[in-house]
Amino acid sequence: MASAAASEEAVKAAKVLMVGAGGIGCELLKTLALSGFSDIHIIDLDTIEVSNLNRQFLFRKSHVGQSKAHVARDAILKFRPNINIKSYHANVKDSEFNVDFFKQFNVVMNGLDNLDARRHVNRLCLAAEVPLVESGTTGFLGQVTVHVKGKTECYECQAKPVPKSYPVCTITSTPSKFVHCIVWAKDLLFAKLFGDKNQDNDLNVHSKDDSSSNSDVFKRDADEDLDQYARRIYDHVFGYNIEAALDNEETWKNRKRPHPIYIRDALPEEALKQNGSSGGCNKEHEEPSAMASLGLTNPQEIWTLAENSRVFMEAFKLFFEKREKEIGSLIFDKDDQLAVEFVTTAANIRAYSFGIPLHSLFEAKGVAGNIVHAVATTNAIIAGLIVIEAIKVLRGDYKNYRMTFCLEHPTRKMLLMPVEPFEPNKSCYVCSETPLLLDVNTKETKLREVIDKIIKSKLGMNLPLVMIGSTLVFEDGDGLDEDEAANYALNLDKVLAELPAPVINGTKLTVEDFQQELSCSINIKHREEFDEEKEPDGMVLSGWSAPVEKQVNSNGENKSESSSSSAHGTDDTVEDISAKPGMKRKLDEISETKENCGASSSAQVVEDNDDLTMLEEDPMLKKKRLQ
């Protein structure tokens, strides 16, 4: 009874912060309110979409377009009017949410959908010394982890997956997987035709008949009608470009040769004349759709080459007929029906050319948008586990903290797998300030590349400051005067060896982000050559938890492809909630059952509209345990 009373008092007195009001966030806010929490703050940047309504139960159709944070607050206050809920329709990375802001809370709970924001919150919690309860779901899988400075590992102590990147030559010349075709259709073709014309693009813009090296086949001639333009683009990207690739015999010695596809072969003249003519979506208030125009109704059907070609041509024309004002500024969006139709068919036609199995629009949308369909029940389970861990944190009951994994299939009668948290990783550059090592060609690499590819992308700093010894060579953020900003801008385009304080082999960089109150050191090792395919950045960062690459499979799941991290040893026991008190499960027992539940020993990450799961290395393979 005393323990229950202590918990109740801790809950009533607590001031808590929720970051994210989506799938997990809706369930979490409801559970917090019903558990007695009376002072809750919520931050969420998103607005409500129709696709959220099947699992984010605090929202209704009338709320579409409104702030998630505000609507969630209002929904809870209808049945808990006496509690204090403050909502912020804002980005958690905004300057107002600084370390001092975080210090006012007893615990922070994440329900975020992206790695960048998670890392940012982790660093602010470390700086403010506020406990963080992290979470994520994907389908039937989920997890909750507790991060307390000095007692457990921080969120970044272990490797986190990042999107798989592919060499340009694979995407443009030698695709072997459907995802390669999707990347080509989305990031190259769609961007070239409908996106920013000034952006770099690796598509071949020269046609067979080019007399000038400056001519761009993607530019529409003044006297060219839309049908002619669409056919010319089709023939160029699926026909001539393939023929040009076949000219390099060396490339195809050990590969299956693709075959060029021209519109006359894929779609007879008669069928082309009968194509849609935009009749199915000529009402101004209707969203343009090539499928609707052509009378196609089943997005899960795999179309033939001819059907893909018809939809491609129709989608192409609809962009110019119905959305011409947007052309030049469009970015692919998985919720844009016409964009999904265009990318799906372009990817399928290219896949057909290279002998890769075709996919339905439903499958292709999952691949292009990194979608894994959310399960409301999983969100509810994870939200309950977050609150359980938050109450332990408030009571200071750190010996009973647990990382809990929600499994898809029962394993020895368990759907929930609790594991003791791990000690801080002594090599973590975030919470242990361990120096990093950067292999880089100091004579060719510019400071801008280091900042973009390493400091911002890999280390997750938003407003970095870079020092070489006592010399400040770059600073980002507001408050800089014009002269300072101009000097830093000049430094960005200088190679490392030509900076005011030259960077050479053995130089030590100090990198800081004052907003995150994070500082780390990077030791430079000069290196002349890099493997273009394995080291596409032209530099290699080591001495940190290197990211695990992910790739997208045909049903929209993202699966980890490789991991550079490995277990430092094995722990032969793990707590089994199905066993009697005090009993432990042996590693070999765990290993036997992993296959039954589809568990993976490498990291996984899946992102959808609101929830992101980080299933880290199999907890049974970790050595350090919280004592």
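Only the coordinates and a few stated rules stand behind these numbers; no lab work does. Given the structure is predicted, the values throughout are model-derived calculations rather than measurements. Every residue, glycine as well, gets a Cβ built from its backbone with ideal geometry; the counts of neighbours run over all protein chains shown.
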For residue 525, list long-range residues whose amide hydrogen, built 1.01 Å from N in the peptide plane, is under 5 Å from its own amide hydrogen.
-> 438, 439, 440, 506
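Over the stretch 454-494, what per residue volume does the convex hull of the Cα atoms give, in whole Å³?
81
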Would you calculate the separation in nanometres between label points at residue 542 and residue 219, each defined as 7 Å from the Cα along the Cα-to-beta-carbon direction?
-> 4.8
In the stretch 1-142, if every C-alpha pair distance is counted and binned at 5 Å from zero, what percent goes to each bin?
-> 2, 10, 20, 22, 20, 15, 8, 2, 1, 0
Calculate the radius of gyration of the Cα atoms of the stretch 284-427 to one decimal place, then report Dmax, the largest Cα-Cα distance, as a whole number, both in Å.
-> 23.4, 65
Could you give me the percent of Cα pairs per 5 Å distance bin for the stretch 436-542, shortest bin first, beginning at zero and ending with the bin that holds the maximum distance?
-> 2, 12, 24, 27, 19, 10, 4, 1, 0
Can you give the three extents of the C-alpha atoms in the stretch 42-99 along their principal axes, from longest to shortest, in whole Å?
-> 35, 29, 15
Using a basic spin-label model with each label point 7 Å from the Cα along Cα→Cβ, how many nm lie between residue 60 and residue 297?
-> 3.1
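Need one number: convex hull volume per residue for the stretch 374-502, Cα atoms only, in Å³. Please list the in-between numbers first.
On the way: hull volume 28.8 nm³, N = 129.
Normalising the Cα hull of the stretch 374-502 by residue number yields 224 Å³.
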Förster radius 30 Å - calculated FRET efficiency between residue 324 and residue 206, Cβ distance, rounded to 0.05 | 0.70
Name the long-range amide H neighbours of residue 86: under 5 Å, sequence gap of 5 or more, or other chain; modelled H, no Pro or chain starts.
-> 40, 41, 42
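I need the calculated FRET efficiency for the pair residue 510 and residue 398, taking r as the beta carbon distance and R₀ as 35 Å, to the nearest 0.05. Intermediate results must be reported in sequence, preceding the final value.
Details: r = 33 Å, r/R0 = 0.95.
For R0 = 35 Å, the calculated efficiency reads 0.60.
Given all pairs of different Cα atoms, what value in angstroms does the Kirkwood hydrodynamic radius of the stretch 168-368 take?
Details: mean 1/r = 0.0584 Å⁻¹.
Value: 17.1 Å, from the Cα pair sum.
How much of the pair distance distribution for the stretch 80-138 lies past 16 Å, counting alpha-carbon pairs only, in percent? Please list the in-between numbers first.
Details: 815 of 1711 pairs.
Everything past 16 Å amounts to 48 percent.
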Starting from the Cα coordinates of the stretch 304-372, work out the convex hull volume and express it per residue in Å³.
-> 88
